[in-house]
Amino acid sequence: MSISPLREFVCAMTRLVESRGNAEAEVMEPARDLLAALVRRDDWLPTMFAQADPTRYRQYLLHGDPLDRFSLVSFVWGPGQMTPVHDHLVWGLVGMLRGEEIAVPYAVQDDRLLAGEAAHLRPGMVDAVSPTIGDIHTVANALPDRPSISIHLYGGNIGRIRRHVFEPVTGAKKDFTSGYSATVVPNLWPVA
Ligand code: FE
């Protein structure tokens, strides 16, 4: 296992936001290509950022841009685990690394939530959310017997953004700030 694909991704993303800023219209497409290249192989995620927890899905920060222009997070779902219905308020890309996930988009209509068509994500696939293309969804592990892992890229520091979870039947909205599951991030410069 080598961390270099992750380091190269962080370097390329940093160059991208340096040259273009972090607005969806400017960077989401090139960022999608970078994330697709990152999840095309599954030999770089350090084991400690791939650990499931029996009680709740985990979100490990892999890299936070110091100027909050983007963040990269490893989401690990144990069997049967899923997110609540939630929004992001910034653009987000979900790159599937391991296992299989089900993403369900929601639309708001007359203060109610309408579930859209579920997408099955398999390794190498990239899904997108944003305030312009649809920002509300759930993500669930599709596998009953093992963890699934996806790598999420956001146009901001997602763990620090005050956003919302929704009650799926009534559509009632509650503030939330997700934070991260660990107090450490991967060392991108290990001694070989
Ligand atoms: Fe999400």
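The values are calculated or read from the model by the stated rules, or taken from the named source; none is laboratory data. Keep in mind that what you see is a predicted model, and the values were worked out from it rather than measured. Reconstructed Cβ throughout: ideal geometry from the backbone, glycine too, with neighbour counts over all protein chains shown. These accessible areas exclude ligands, DNA and RNA; they are computed on the full protein's heavy atoms, side chains included. Shrake-Rupley method; radii C 1.70, N 1.55, O 1.52, S 1.80 Å.
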Under 6 Å between Cβ atoms, at least 6 apart or on separate chains: pull out the pairs that start in region 106-132 with a residue that is touching a residue at least 60 places away in the same chain (Cβ under 8 Å) and surrounded by 13 or more Cβ atoms within 10 Å (Cβ to Cβ) and end on any residue that is part of a strand (DSSP E or B) and aromatic (Phe, Trp, Tyr).
none
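Name every residue in region 157-178 that is in a loop (DSSP other than H, G, I, E, B) and away from the ligand (no atom under 13 Å from the Cβ), in order of residue number. Give the derivation first.
Residues of region 157-178 in a loop (DSSP other than H, G, I, E, B): 157, 161-162, 167-172, 177-178.
Scanning region 157-178 gives Asn157, Arg162, Glu167, Pro168, Val169, Thr170, Gly171, Ala172, Thr177.
Just wondering, is there one or more residues in region 133-145 that are within 15 Å of the ligand (Cβ to nearest atom), acidic (Asp, Glu) and not in a strand (DSSP E or B)? Step through it out loud before you land on a result.
Filtering region 133-145 for residues within 15 Å of the ligand (Cβ to nearest atom) gives 133-141.
Remaining after also requiring acidic (Asp, Glu): 135.
Next cut, not in a strand (DSSP E or B) only: 135.
Yes, that holds for at least one residue.
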Does Ser2 fit the bill of being exposed (fewer than 15 other Cβ atoms within 10 Å of the Cβ) and farther than 30 Å from Pro79 by Cβ?
no
Filtering region 75-85 down to residues that are within 11 Å of the ligand (Cβ to nearest atom) and open to solvent by less than 20 Å² (accessible area, probe 1.4 Å) yields Phe75, Thr83, Val85
Near pairs, Cβ below 6 angstrom, 6+ apart or cross-chain, from region 21-43 (in contact (Cβ under 8 Å) with a residue 40 or more places away in the chain) to any residue that is open to solvent by 50 Å² or more (accessible area, probe 1.4 Å)
Val27/Arg20; Asp42/Arg98; Asp43/Met1
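Within region 140-149, does at least one residue satisfy the condition of being of a type in the set (S, T, N, Q) and in contact with a Lys or Arg (Cβ under 7 Å, 6 or more places away or on another chain)? Steps first, answer last, please.
First, pick out the residues of region 140-149 that are of a type in the set (S, T, N, Q): 141, 148.
Okay, now just the ones that are also in contact with a Lys or Arg (Cβ under 7 Å, 6 or more places away or on another chain), so 148.
Scanning region 140-149 turns up at least one residue that is of a type in the set (S, T, N, Q) and in contact with a Lys or Arg (Cβ under 7 Å, 6 or more places away or on another chain).
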